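Student: Here it is: the structure, laid out below.
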Amino acid sequence: AQSVTQLGSHVSVSEGALVLLRCNYSSSVPPYLFWYVQYPNQGLQLLLKYTSAATLVKGINGFEAEFKKSETSFHLTKPSAHMSDAAEYFCAGLSGGYQKVTFGTGTKLQVIP
Amino acid sequence: DVKVTQSSRYLVKRTGEKVFLECVQDMDHENMFWYRQDPGLGLRLIYFSYDVKMKEKGDIPEGYSVSREKKERFSLILESASTNQTSMYLCASSFPTGADTEAFFGQGTRLTVV
């Protein structure tokens, strides 16, 4: 079964600095992987998804993620953090015959002015 | 736009009450999910359904049941609410296969059991 692990429950960056949020997956087959964002008191919104078409995936709000099979990683990056990026970010993957979505424990991003 | 609608944003219930959380999606998705979200634990899957009247237990099904009588509606039932079920509950739906398999989420229901 697929599982995902997020490293770091809290990350702080300065406004304008690089954002790097880490996610590793565990899967014996090529996975479907996702990054979601959750703003306070809201549901989750899809940022981007990897479906094996390309290893570098671009998403909304300037985020991108690179699938690295050799490292079993799918880290999320953004070149320059904005105050509006402060939120909680979840890595997720699919598992099981019916495409059950499983989530990492989340990383809260704080952006410091 | 895909819409996943949860019937309540906030609920306060008493210990021992039977609680129904309702979720409706308008995208004709086969899969529907119920998660609970707690600080530091991420989203944990309670139950999911891959077709009408079909369901599978997730990681934490104890104390919960579900009902899916129509494709667009998936209900989560707390048979006898307890204080440790105070949490944020999130419903989601998705297609089962193919490139468009991402889950779409409702806004969440924050349940407090007193």
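Student: Go through the residues of the stretch B:77-85 one by one and say whether even a single one is loosely packed, with under 14 Cβ neighbours inside 10 Å and β-branched (Val, Ile, Thr).
Tutor: yes
Student: From the list B:112, B:101, exactly one residue is loosely packed, with under 15 Cβ neighbours inside 10 Å and either farther than 26 Å from residue A:5 by Cα or at the interface with another protein chain (Cβ under 9 Å from one of its Cβ atoms) (or both). Which is it?
Tutor: After ruling out the rest, the residue left standing is B:112.
Student: Can you list the strands (runs of 3 or more DSSP E) found entirely within the stretch A:30-86 that contain at least 2 residues being under 17 Å from residue A:20 (Cβ atoms), away from chain B (no Cβ under 11 Å) and modelled with pLDDT of 90 or more?
Tutor: In the stretch A:30-86, the matching strands (runs of 3 or more DSSP E) lie at A:56-58, A:64-68, A:73-78.
Each row is one residue, and each column tells you yes or no for (1) away from chain A (no Cβ under 12 Å); (2) under 11 Å from the mean Cα position of the chain (by Cα); (3) modelled with pLDDT of 90 or more.
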site: B:6; (1), (2), (3): no, yes, yes
site: B:12; (1), (2), (3): yes, no, yes
site: B:15; (1), (2), (3): yes, no, yes
site: B:34; (1), (2), (3): no, yes, yes
site: B:41; (1), (2), (3): no, no, no
site: B:53; (1), (2), (3): yes, no, no
site: B:60; (1), (2), (3): yes, no, yes
site: B:73; (1), (2), (3): yes, yes, yes
site: B:76; (1), (2), (3): yes, yes, yes
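Student: Taking the conditions exactly as written (within 16 Å of residue B:3 (Cβ to Cβ) and of a type in the set (S, T, N, Q)), does residue B:85 satisfy them or not?
Tutor: When the stated conditions are applied, residue B:85 does not pass them.
Student: Yes or no: residue A:53 without any contact (Cβ under 8 Å) to a residue 60 or more places away in the chain and loosely packed, with under 12 Cβ neighbours inside 10 Å?
Tutor: Spelling it out, residue A:53 is indeed without any contact (Cβ under 8 Å) to a residue 60 or more places away in the chain and loosely packed, with under 12 Cβ neighbours inside 10 Å.
Student: For residue B:39, indicate whether it is surrounded by 13 or more Cβ atoms within 10 Å (Cβ to Cβ) and not basic (Lys, Arg).
Tutor: When the stated conditions are applied, residue B:39 does not pass them.
The values are calculated or read from the model by the stated rules, or taken from the named source; none is laboratory data. Since the structure is predicted, the reported quantities are computational estimates derived from the model, not experimental observations. Using ideal geometry, Cβ is built from the backbone for each residue, glycine included, and neighbour counts are taken over all protein chains shown.
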